[in-house]
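Q: The structure that follows is given in the form of structure tokens.
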Amino acid sequence: MGKACISSCKFGAISAGIKRTHIDATKCKECGMCANACPYNAIAHLQRPCKKNCPVDAITMDENGICVIDPKKCIECGRCIHSCPFGAIMSRTFIVDVIEEFKKGKRVVAMLAPATEGQFGQDITMQSWRTALKKVGFDDMYEVGLGGDMTAQAEAKEWAEAYAEGKKMTTSCCPAFYNLVRNFFPELLPNVSSTLSPMGGVSRMLKAQDPDVVTVFIGPCIAKKSEVIKGRMDGNADYALTYGEIRAMLRAKDVKLEPEPNINQQASVFGKRFGNGGGVTAAVLQAMKEQGVDTSKMTVEICDGADACKKALLLMKVGKLPADFIEGMACQGGCVGGPSRHQDVNQAKRARDLLIAQADGRNIEENLHSYNMESFSMTKDRRPLEE
């Protein structure tokens, strides 16, 4: 009988020596079969961190041991970027593009993700960010939590119509979730909400007021860059920056985030909570109640991370999903758990809760009364994303 490891290797990479078994690195494909077969746990199967963290198996190794990303599978969630210990994977950066817009004298407005509150401590408010961003060169800053209110209001109408028809639907604000549906469950695209994302909603509002304005999203999400680069929905954000990128710009200008009063609230608590897992569901159900819709019998599958999203989508595909709707979030914890977050979700939770608790009790409809919602559409076009 041969040793279990030798018998399991399909590439002839393992040979028996006098004192120990030897693995020929030139033949080994790092498939892990020998490690699984070894009864002594003598073989350690060390997976590449990027490959291990990819939720859709989009990363493979070629014959030279070099990792390759399959663009047809990749959902551009960004998990591989921050798990790579060598900094070998990067996303497209718009830092230079934004600076060039400053130099041209363009009016550039920042749009700050709802996940921001609490990421930098309980003393760093949205007003702190507004002041700092103006010092860098931005004309103004808007909370994308306002866009959360917009999305919730529009999506509530969609959900109500779908529920009346017996049609199951999913959210659409997470671009990595949308990419997951597009790449692996294309037959479910008609079930994805056609409502614009909060980022897109705020951008369209600003461009309806000033067609020449340049809009820049800032947050923990790398997938937002794919929403900006691909698809090119009319009026959507022109650029997207991560917290790391905007902090680099702040440091370059020697600008620091300073504690300021928590004033100039632009979003309801529901819009502010859009960045949390379950926050989209809570906001949409609230908007439906405000519209007079009975939600008592509605059920939502809240998916916490890409793995949960895949499971729910598979159940929807085969007609076995028990819930009426899916909230799809590719990052665990929601946007606050995005790959480019500044702090761990649990570390930021206390500060986030304290800041949001200071917001007044306005509901979604009351908040949106302050804005001209008739000047732009919250429905995105259905043309396919560009490859």
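Q: How high is the relative contact order of region 180-304, in percent, with contacts defined as C-alpha pairs under 8 Å that are six or more residues apart? Working shown, then result.
A: Working: 77 pairs, mean separation 19.5, N = 125.
In percent, rounded to a whole number, it is 16.
Q: Check which residues have an amide H placed less than 5 Å from Met61's amide H, if you skip close sequence neighbours.
A: Under 5 Å from the amide H of Met61 lie the amide H atoms of Val68, each far enough along the sequence or on another chain.
Q: Determine the distance separating the Cα centre of region 260-303 from the Cα centre of region 353-371; give it in Å without decimals.
A: 11
Q: Please work out which option in (i) 80, 55, 39; (ii) 64, 57, 45; (iii) 176, 37, 33 gives Cα extents along the principal axes in Å calculated from these coordinates, and answer with its label.
A: Among (i) 80, 55, 39; (ii) 64, 57, 45; (iii) 176, 37, 33, the one derived from this structure is (i).
Q: So what are the ³J(HN,Hα) numbers for region 148-159, from phi and the Karplus equation (6.51, -1.76, 1.60; θ = phi - 60°), rounded to whole Hz, Gly and Pro as x?
A: x, 4, 4, 4, 4, 5, 6, 5, 4, 5, 5, 4
Q: Per residue of the chain, what 222 nm ellipticity follows from adding -39500 (n - 2.57) for every DSSP H run with n ≥ 4, rounded to the nearest 500? Walk me through the intermediate numbers first.
A: Numbers: 16 runs with 146 residues, N = 387.
Value at 222 nm, helices only, nearest 500: -10500 deg cm²/dmol.
Q: How about region 23-95: which GluC sites (Glu not before Pro) there lie in a loop by DSSP and see at most 13 other Cβ atoms within 10 Å? Walk me through the intermediate numbers first.
A: Values: sites: Glu30, Glu63, Glu76; in loops: Glu30, Glu63, Glu76.
When the GluC sites (Glu not before Pro) of region 23-95 are filtered for loop state and at most 13 Cβ neighbours within 10 Å, Glu63 remain.
Q: Out of the trypsin sites (Lys or Arg not before Pro) in region 265-370, which ones are loop residues according to DSSP with at most 11 other C-beta atoms within 10 Å?
A: On the way: sites: Lys272, Arg273, Lys289, Lys297, Lys310, Lys311, Lys317, Lys320, Arg341, Lys349, Arg350, Arg352, Arg362; in loops: Lys297, Lys320, Arg341, Arg362.
Answer in residue order: Lys297, Lys320.
Q: Short version: ³J(HN,Hα) in whole Hz for each residue of region 59-71, in order, from phi by Karplus 6.51 cos²θ - 1.76 cosθ + 1.60 (θ = phi - 60°), x for Gly and Pro, what are they?
A: 10, 10, 10, 7, 5, 9, x, 8, 6, 10, 9, 7, x
Q: Another one. With respect to the cross-link table entries Lys73/Lys297; Lys135/Lys310; Lys134/Lys157; Lys157/Lys225; Lys207/Lys320, which display a Cα-Cα separation exceeding 31 Å?
A: Flagged as over cut-off: Lys73/Lys297; Lys135/Lys310; Lys134/Lys157; Lys207/Lys320.
Q: Okay, moving on. Amide H to amide H under 5 Å from Tyr142: which residues, 5+ apart in sequence or cross-chain, H placed 1.01 Å off N in plane?
A: Ala110, Met111, Leu112
Q: How much net charge surrounds Cys303 when only other residues with a Cβ under 9 Å from its Cβ are counted (Lys, Arg +1; Asp, Glu -1)?
A: Values: positive: Lys310, Lys311; negative: Glu301, Asp304, Asp307, Glu327.
Result for the local shell: -2.
Q: Chymotrypsin sites (Phe, Trp or Tyr not before Pro) within region 82-141: which are DSSP loop residues with at most 14 other Cβ atoms inside 10 Å?
A: Working: sites: Phe86, Phe94, Phe102, Phe120, Trp129, Phe138; in loops: Phe86, Phe94, Phe120, Phe138.
In loop regions of region 82-141 (DSSP not H, G, I, E or B), the sparsely surrounded chymotrypsin sites (Phe, Trp or Tyr not before Pro) are Phe86.
Q: Moving on to the next point. Tell me, what ³J(HN,Hα) does each residue in region 322-327 have, in order and in whole Hz, if you take phi through Karplus 6.51 cos²θ - 1.76 cosθ + 1.60 with θ = phi - 60° and put x for Gly and Pro?
A: Residue by residue, region 322-327 yields x, 7, 7, 9, 10, 9 Hz.
Q: What percent does the relative contact order of the chain come to when contacts are Cα pairs within less than 8 Å and at least six residues apart? The partial results should precede the final answer.
A: Values: 683 pairs, mean separation 81.7, N = 387.
For the chain, the relative contact order is 21 percent.
Q: For region 243-387, calculate the relative contact order in percent as a whole number, restricting contacts to Cα pairs under 8 Å that are 6 or more residues apart. Don't skip to the end; give the middle numbers.
A: Working: 127 pairs, mean separation 41.3, N = 145.
Dividing the mean separation by the residue count of region 243-387 yields 29 percent.
Q: I want the antiparallel fraction of DSSP beta bridges within the chain, as a percent rounded to 5.
A: 25
Q: Would you grab the residues whose amide H sits under 5 Å from the one on Glu301? Only those 5+ places off in sequence or on another chain, please, with H modelled 1.01 Å from N.
A: Residues meeting the criterion, in which the H sits 1.01 Å from N, are Asp324, Phe325, Ile326, Glu327.
A short reminder: the numbers here are calculations on the coordinates, not readings from a lab. Bear in mind that the values here come from a model prediction, so they are computed numbers and not experimental data. Cβ: placed from backbone, ideal geometry, glycine included. Neighbour counts: every protein chain shown.
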